[in-house]
Every structure is written in structure tokens, then in C-alpha cells.
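Engineer: Pasting a structure below so you can have a look.
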Amino acid sequence: MGEDTGSGNERRATNREEAAAPDTSLDVDDRTVIEEAESTADADPDAGDRPAADTAEASADSGTAENATITDEFPVETDASEEGDQSDGSEGDGSPRDTDPTVEADPTEEDPTSADDSPSDPSPSSEPNSTSESDSDPVTAADIDIEESIGPTDSSGGGKTDLGLDEVVLDDDDSQGLFDDLLSGEPIFENKEVLRPSYTPHELPHRTEQINQMATILVSALRGETPSNILIYGKTGTGKTASAKFVSQELESTSKKYDVPCEVEYINCEVTDTQYRVLAQLANKFIEKNQNVIDAELAELNELHSEAADAAAPATSLADTEFETIDDVADRIEKLEDDREGMESVPMTGWPTDRVYSTFFDAVDYEERVVVIMLDEIDKLVEKSGDDTLYNLSRMNSELDNSRISIMGISNDLKFTDFLDPRVKSSLGEEEIVFPPYDANQLRDILQHRANVAFKQDALTDDVIPLCAAFAAQEHGDARRALDLLRTAGELAERGQADTVEEAHVRKAQDKIELDRVVEVVRTLPTQSKIVLFATILLEKNGVRNVNTGEVFNIYKRLCEEIDADVLTQRRVTDLISELDMLGIVNAVVVSKGRYGRTKEISLSVPIDETEAVLLSDSRLGDIENAQPFVQARFDN
């Protein structure tokens, strides 16, 4: 055993000498190691059986087989301090010196000593039919080849290709995604937003008279006077909101041109439909504007204050200002900071209404200006919360000191003023403007004007715009409907990857828009709701007016017995009627019958014949052959 070890060490020493032949400093290191090994011979009991050179080699070649391989193949030069540390370690306990821990083994290198050392290993791996040493030894982290794990390293070995880590992910650049096919065609639209209802054009055809009328009323705001209140009436899609916004933009731009403080605030009462929300929204808008004005003035005053403080003669730097001394500037800065700190935004809920009104009043009257408040769908505000908001807004001018307020109301309902307080009606309806419906020729001009901007050149055939105008005019001259029809036709053509919009696309768009949503809602109702609705239809078809909940419930019970359905309680039937009212299928109003209590009077909000046809298409309700006898139940009860 000792002889085998000595012969192996001699071969490793020969390999080291051959590898380190060009480097003369290595011979000095080897002699130093040999001398150190001889000095520790007494500490090693086997030192007498081995030559001194073998003992030094055994000390230098300790560690794992991989570390020994690195030392043999790539000799590492050490400085004197490292040699001293290593010799001290070997002298302390007689153990072999450790190799440099910073040198890691290359797992791809072959161990040249494994073949020589294998005969001395009595394990079964030395037999001819046994597996290799790498299969029998435990696998360590140093033995794992990362490059080989993620991909082959040598194109000549094993037919493997040379791939990097980034190329392991599949290349999907050539595959077609969900939107690739849709984006492959050429777009038809140049600017689709022009066809949206929210777009305000720079020119409104066939509304010159109404626009000029609004302008003559509001021009007094540019003179610092209070304009008269305006009420604008007209059916849906007649250009009311677009014309009002157009005039408002012109008013604000002209006020900036002549340096006149004039502002327009727009509120959609379809969304902001209570007095609290209207006042809170207005208050927060003016608070934000006031804060911006204060911030701008504070920036100028702070700069002026700094210049005056640094100047040798502060009065000279303040000569062209309204301030006489630097203390006046400081007082003004302090006042503005206090004002800004006292401006508290109004939360959307939680404050008393009078506090919200007071906050709005202070915010709008903070500086001199003329304010036009545009209330779109003003009838929704009156219907939801009464005329208190309009009363307060119309009476504010008598209390304001610096600002003036004018109201511009827009409504589809010509009769909503009938429900107003006479005092509100007289002050609110000082000026009234009516927008008539468009005819087919006017709609054609509007569509042509928008199409020139919305579509690319030659994207429409000659019959597209006249057909869209005809479809919209045959109802009630709704320009919004005509624009939606033209936009939908363009979208259908674009989805079909067509080059132009044709008549067929317009007709498809018409069918798509004409899809009756109410019919779809009725068709998808639960069976119990269908029975309640069918009972209401039967009563109205037989001339019963002001149908109440009890009458509907009596017919409902007979229908349930006929089709073998469960009978719900009258309270539950009342809930189903409320759900139908919420969907807009029926109109249910609670009325008082005096000593007989309160009940709901029910009327249909949808066409009777079409709705009945949809209900009878249900397999269960279709089994009712003759529903006329069930109406007699009303008189029996």
C-alpha cells in the first residue's frame, strides 16, 4: 500500500515538473515545501518509510481528487505569507496542508490520476465488469455541468446543437396571435372619435340660428354683466348639448382673449342627480381653481419678497408694485396661505346640505368672475330631488359680492317646467331656445361633414351616407342615431377586412342597432316573472286600466294553477312587480286608497302585442290555450 502511494506521488511529481518547466520560480517553491516537510518528519509516524520528497508531495496534494487535479495541471504560485500560513497549519497538528480554497475544480476536466489510483482501490469498481468511478461516487455540486444541463456544449459530440440560455424558450415570433389577424388588414377609419356623441365639432351645420341666439344672450358675460338664464329644449339627437358646448368653448376662449374672468361649468344631471352632489361637484371645482390661483400668486410674492429682502433699498424694488413695504408683502403672503389652508374639499357624502351650499358660495365668490353653469338633462335633477337646487342657484346673485351666476338648462322634456315652483320657473326660464329635429337632407350634410374627417379617402361608397340619413330621419331626425349607424357600419366593414363601407354594411348595422333590448330582457325573465307580466298584459288587453297589485295577483294564481307552477305569496309578487318596474317593462306607482291602504297601480311600458308574443314563445306559457276566462277572476274577487 505504501509503495503504491509512493509510485503514484512520483508520477504526480513528474507531471508537475513537466507542466511547470517554463516557470523557474516553481522549483524554489518545491524546495521550500520539501524542506518544510522534512522539518515535520517527527510529527508524522510514517515519515521514515517515505522519502522526504514524497512526504512533501503528500502534504501538497491533500484534499479532494478534483483539487489535486487542478494543482497538477495548473500550478498556483503563492506568496510568502500564504506559505507561512500553510506551514503553520501543518506544524500545529501534523495534518496535511490545505490547498487554496479560492480555486474551484472544473467539473469538465478529466482526472489524470484516476486511472493510476484505481488499482489501489479494493472496491468492486476496480473489476473489469464494474461501473466507472463517476457512477459509484456520490454526486456533488462540483460534478454538475450547468451548461450541459440546459443545452449541449459541443456540436461535434453526440449530435447536439449549440444553444444559449435565452434560446431555450420557444421562438413564437412566427406564430399568429389572437390580434395579429385582426391587425393585418388596412384600417378604414382615420379618426373614429369624430363619430362619437362626446365629440364637439368645430362647425355645426344647420344650427347657426340657435348658436347665434345663445351667443347674443351670453355676450353680456364678456362685459362683466349677469347673462339671462337659458332653457334649451329638443328631442334626443337634435344638437342641443353639442351646440351648447360649442358656444361655451367660444365664450371661454374669447374671455381669455380680452382678459375677462368668465367660466363655464358642465354637469350631467343624469349622473349627478341630487342637490348635494351638484353643489359638492361645483364647490370642489371652484376650490381647485382658487387653490391654483393662490399658488401662482404665492410663487410671485415669495420671489418678490426675496428680491426685496436682498436689495439694499427694498422700497426701490417694490416701486412698480402695489406694496409699499416688505411687511406688506409678508402680510399678503400670510393671508393667502391662510385662505388656502381654509379651503376644504367637500366629500361626496356626510355633510349637511347647508354646509355644502355655504362652501360652494364662498368658493365661487372668492374672486371676481362670471360663471355659466350648464345643467344637461336638467329634468332628471328635478325629477330626482325637486327644484330646491334650481331655486338656490337662481337666487344666489342677490347675495354674491364678487361673482355672477347664470344657468343654462338642457332638457328633452318640454313639460318638465310644469312641475317647478312658480318663482323658480319665472327666474329660470328667462330665455327659451327650441331645437327642431333634423330632416334627411340636414342629416346627410352632418354625416358628410363628419365622414370627411372620420374615414380615409374613398372609404365610403356613394350610397352609404344617404342610406344612413334616411334610416335616422324616418324615426325622429336623430343625428346621434345617424352617427352611430355610420360608425357601426364602418366597424362591421373593418371587421370583415373590407376595403370600403358599402350599403350591405349599413343594413347590417341597422339590424344590429334595431335589436330590441326589451324583447331580449323579456325572453330571459324567470318563469314566475313571466307569469306576473302575462297577468298584467291580460288585464290591459281586456280594457282594465290602473291595474293594482291585488288584481294582478288574482290572475297570477289562476295562471299558475293552469300550468302547474308554484304559487308565490302576494308580497313576493309585489317584489317581482318592482323588479319589472326597475327593468323598465312596467311602470308601478304607489298610490294611497285612504282607509283602504296603499297599493301599486301598474301599467305596461312596452308594446303589448310584441311582448305577449315573446311570452307565449315560452313552452310553459304556450300551453295556455284560452286565457280569457282567467280575467273573469278579477270580477269574482
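Engineer: Where does each of 572, 595, 450 land when they are ordered by accessible area, with a 1.4 Å probe and the largest first? Kindly include the intermediate steps, with their values, before the conclusion.
Structural biologist: Working: 572 95, 595 210, 450 25 Å².
Accessible-area ranking of 572, 595, 450, largest first: 595, 572, 450.
Engineer: Right, another one. Pairs 192/380; 235/541; 384/415: which exceed 19 Å Cα-Cα? Write out the running numbers ahead of the final one.
Structural biologist: Values: 192/380 30 Å; 235/541 30 Å; 384/415 16 Å.
From the list (192/380; 235/541; 384/415), the Cα-Cα distance tops 19 Å for 192/380; 235/541.
Engineer: Give a residue-ordered list of calculated ³J(HN,Hα) values for segment 195-204 (Karplus: 6.51 cos²θ - 1.76 cosθ + 1.60, θ = phi - 60°; whole Hz; x for Gly, Pro).
Structural biologist: 8, 7, x, 6, 6, 10, x, 7, 8, 10
Engineer: Let me ask something else about it. Considering the options 286, 231, 348, tell which one lies farthest towards the positive end of the dipole of segment 207-434, charges being +1 on Lys and Arg and -1 on Asp and Glu at the Cβ, about the Cα centre.
Structural biologist: Farthest towards the positive pole: 231.
Engineer: Further, regarding this structure: Which sequence of 235, 530 reflects their accessible areas, 1.4 Å probe, from the largest down? Display every interim value, and only then the final one.
Structural biologist: Working: 235 115, 530 15 Å².
The ordering from most to least exposed comes out as 235, 530.
Engineer: Give me the distance between the Cα centres of segment 203-235 and segment 454-498, rounded to whole Å.
Structural biologist: First find each Cα centre; the distance between them is then 31 Å.
Engineer: Here's a follow-up. Select from 454, 441, 409 the residue farthest towards the positive end of the dipole of segment 346-463; place +1 on Cβ of Lys and Arg, -1 on Cβ of Asp and Glu, and compute about the Cα centre.
Structural biologist: Among 454, 441, 409, the one farthest towards the positive end of the dipole of segment 346-463 is 454.
Engineer: Please state the charge dipole magnitude for segment 525-626, taken about the Cα centre, from unit charges on C-beta atoms (+1 on K and R, -1 on D and E), reported in debye and rounded to the nearest 20. Intermediate results must be reported in sequence, preceding the final value.
Structural biologist: Numbers: 12 positive and 16 negative charges, 142 e Å.
Dipole size: approximately 680 debye.
Engineer: Near the amide H of residue 264, under 5 Å away, which other amide H atoms are found, from residues 5 or more places off or on another chain, if H is placed in the peptide plane?
Structural biologist: HN-HN under 5 Å from residue 264: 372.
Engineer: Follow-up. Which value, in Å³ per residue, describes the convex hull spanned by the Cα atoms of segment 460-516?
Structural biologist: Convex hull of Cα atoms, per residue: 66 Å³.
Engineer: Between residue 341 and residue 524, 0.36 nm times their residue separation minus their Cα-Cα distance comes to what?
Structural biologist: 60.3 nm
Engineer: Rounded to two decimals, what ratio of Rg to Rh does segment 207-434 give with C-alpha atoms and a Kirkwood Rh?
Structural biologist: We get a ratio of 1.07 for segment 207-434.
Engineer: Starting from the 7 Å offset along Cα-to-Cβ, what nm value, one decimal, do you get for the label separation of residue 425 and residue 572?
Structural biologist: 4.7
Engineer: Given the C-alpha atoms of segment 299-405, compute the convex hull and give its volume per residue in Å³.
Structural biologist: Taking only Cα atoms, segment 299-405 has a hull volume of 140 Å³ per residue.
Engineer: Starting from the Cα of residue 252, step 7 Å along the direction of its Cβ; do the same at residue 330; then give the gap between the two resulting points in nm.
Structural biologist: 4.0
Engineer: When the Karplus curve 6.51 cos²θ - 1.76 cosθ + 1.60 is applied with θ = phi - 60°, which whole-Hz ³J(HN,Hα) does each residue of segment 438-446 get, with x for Gly and Pro?
Structural biologist: 7, 9, 4, 5, 5, 4, 5, 5, 5
Engineer: With +1 on the Cβ of every Lys and Arg and -1 on the Cβ of every Asp and Glu, and nothing else charged, how large is the dipole of segment 207-434 about its Cα centre, in debye rounded to the nearest 20?
Structural biologist: 1540
Engineer: Also: Can you tell me the FRET efficiency between residue 462 and residue 196 if r is taken as the Cβ-Cβ distance and R0 is 30 Å, rounded to the nearest 0.05?
Structural biologist: Numbers: r = 25 Å, r/R0 = 0.82.
Efficiency, rounded to the nearest 0.05: 0.75.
Engineer: Here is a follow-up. Would you work out if segment 228-296 is rounded, prolate or oblate? Take a ≥ b ≥ c from the square roots of the eigenvalues of the alpha-carbon gyration tensor; rounded if a/c is under 1.5, else prolate when a/b is larger than b/c, oblate otherwise.
Structural biologist: In terms of gyration-tensor shape, oblate.
Engineer: Using only the Cα atoms, work out Rg/Rh for segment 525-626, with Rh taken as the Kirkwood radius, to two decimals.
Structural biologist: We get a ratio of 0.95 for segment 525-626.
Engineer: Taking amide H positions as placed 1.01 Å from N in the peptide plane, with prolines and chain starts having none, which residues 5 or more places from residue 501, or on another chain, fall under 5 Å of its amide H?
Structural biologist: Correct list: 460, 461.
Engineer: Provide the packing ranking of 430-443, 245-258, i.e. peptides ordered by the mean count of other C-beta atoms within 10 Å per residue, highest first.
Structural biologist: Top to bottom by mean Cβ count within 10 Å: 430-443, 245-258.
The values are calculated or read from the model by the stated rules, or taken from the named source; none is laboratory data. Treat the numbers as computed from the prediction; the structure is a model and nothing was measured. Cβ sites come from the backbone with ideal geometry, for glycine too, and all protein chains shown count toward neighbours. All accessible areas refer to the heavy atoms of the entire protein, side chains included, with ligands and DNA or RNA removed. Shrake-Rupley method; radii C 1.70, N 1.55, O 1.52, S 1.80 Å.
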